[in-house]
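Only one structure is covered here, and it is reproduced in the block below.
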Amino acid sequence: MTFRAVNPPGNNIPGISQAAIIESGKLLLLSGHVPFRADGSIAGPELEIQLEQVFSNLDETLKASGSSFRHVARLTIYVRDFQPGLLPTIRSVRDRFIDTAHPPASSLIGVATLFHPEVLVEIDAIATIPA
């Protein structure tokens with residue numbers, strides 16, 4: 001691993017790390033990724049379909065940078081009109097991509113709107129590129 005997860009004793013949120021220490025490699029900052037398909041159309045309209053597209057887009061960027069989801073140290077997920085009932089869907093899709101044994105530090109932020117009225121989710125990340 002190029003980063004080490006940190007979870008202090010006590011009450012922690014399941015499925016995420018409270019912090020991540022970058023231990024080796026180069027730092028990779030990924031801008032907000034959105035649910036655009038290769039042809040420029042927006043995936044969806046369901047949140048699950050958009051999440052799958054966004055995570056697939058992130059995966060492509062990671063690979064093009066010489067990294068992978070195994071090296072993602074931090075995720076920030078922005079969800080339009082977030083409701084707590086959406087959390088199982090978000091985690092289900094996320095867990096198909098991340099290393100659940102070493103989850104990244106994460107934030108989930110509900111927003112009123114994103115850059116396009118059909119877009120329900122945007123995700124940015126911090127990863128490492130292995131040495």
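FYI, it's all coordinate maths here, none of it is from the lab. Predicted, not measured: the structure shown is a model, and the values here were computed from it. Cβ sites come from the backbone with ideal geometry, for glycine too, and all protein chains shown count toward neighbours.
The table below gives the values:
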read-out: Taking SER56, SER41 and counting other C-beta atoms within 10 Å, the order from fewest to most; value: SER41, SER56
read-out: Neighbour count of at most 14 Cβ within 10 Å plus DSSP loop: longest GluC sites (Glu not before Pro)-free window in the chain; value: 47-117
read-out: FRET efficiency, 1/(1 + (r/R0)^6) with R0 35 Å, evaluated for LEU87 and SER24 via beta carbons; value: 0.60
read-out: Sparse-neighbourhood loop sites, trypsin sites (Lys or Arg not before Pro) in segment 1-83 - DSSP loop, at most 13 other Cβ within 10 angstrom; value: ARG37
read-out: Cβ-placed point charges (K, R +1; D, E -1), dipole of the chain about Cα centre in debye, nearest 20; value: 440 debye
read-out: Most mobile listed residue (ILE98, ILE16, ILE49) in the chain, GNM with C-alpha springs under 10 Å; value: ILE49
read-out: Most fluctuating residue given options VAL121, VAL54, VAL93, as computed from a GNM of the chain linking Cα atoms under 10 Å; value: VAL93
